[in-house]
1. Considering only strands (runs of 3 or more DSSP E) fully contained in the range 1-106, which possess at least 3 residues that are surrounded by fewer than 14 Cβ atoms within 10 Å (Cβ to Cβ)?
2. Return the pairs, sorted by first residue and then second, in which the second residue is surrounded by fewer than 16 Cβ atoms within 10 Å (Cβ to Cβ) and charged (D, E, K, R), the first residue lies in the range 75-94 and is farther than 16 Å from Asn18 by Cβ, the beta carbons are less than 8 Å apart, and the residues are 6+ apart or on different chains.
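A short reminder: the numbers here are calculations on the coordinates, not readings from a lab. Every value quoted in this text rests on a predicted model; they were computed, and no experiment measured them. Neighbour counts run over all protein chains shown; Cβ positions are idealised from the backbone, glycine included.
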Amino acid sequence: MATSPLLPRTKHVALIGNFLPRQCGIATYTTDTYLALQDRFPDIKVDVYAMDDRPEGYDYPPEVTGSIAQEDRLAYLSAARAIEASGAQAVWIQHEYGIFGGPAGEHLLGPALALSSIGGTTKSPQRFRLSPAGAAPVREWDPRSWP
């Protein structure tokens, strides 16, 4: 068993990204990451939330906990709520340009920032300054503005 300062504390991770059978390099990489985590750290629960880029979705294996329709903004919020309810202690987002919906993947942004409080509590909404790669100007995002 590998030794890691996080191992004793981290028992549940949510992994978001493309997943096989979707045919792309990130799907292969995310699937391999999931398998490596399961092999190396068998005591850690890993939930997979796969990105769907087509309306009919994919025939995912049972390892996939849920899917997120790439262009459905509310699907991201539903996934964030499911992740939060699951008790996941960390969220691993496997990113590549173009796999998350909205301008510069903006649909992922609101739920990702909402999930940034996993493991802690926030008594009041926080504002975050955002600057997506190649985008201007920097703007503030208020979590209260997300559905």
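1. none
2. Gln89/Arg9; Gln89/Lys11
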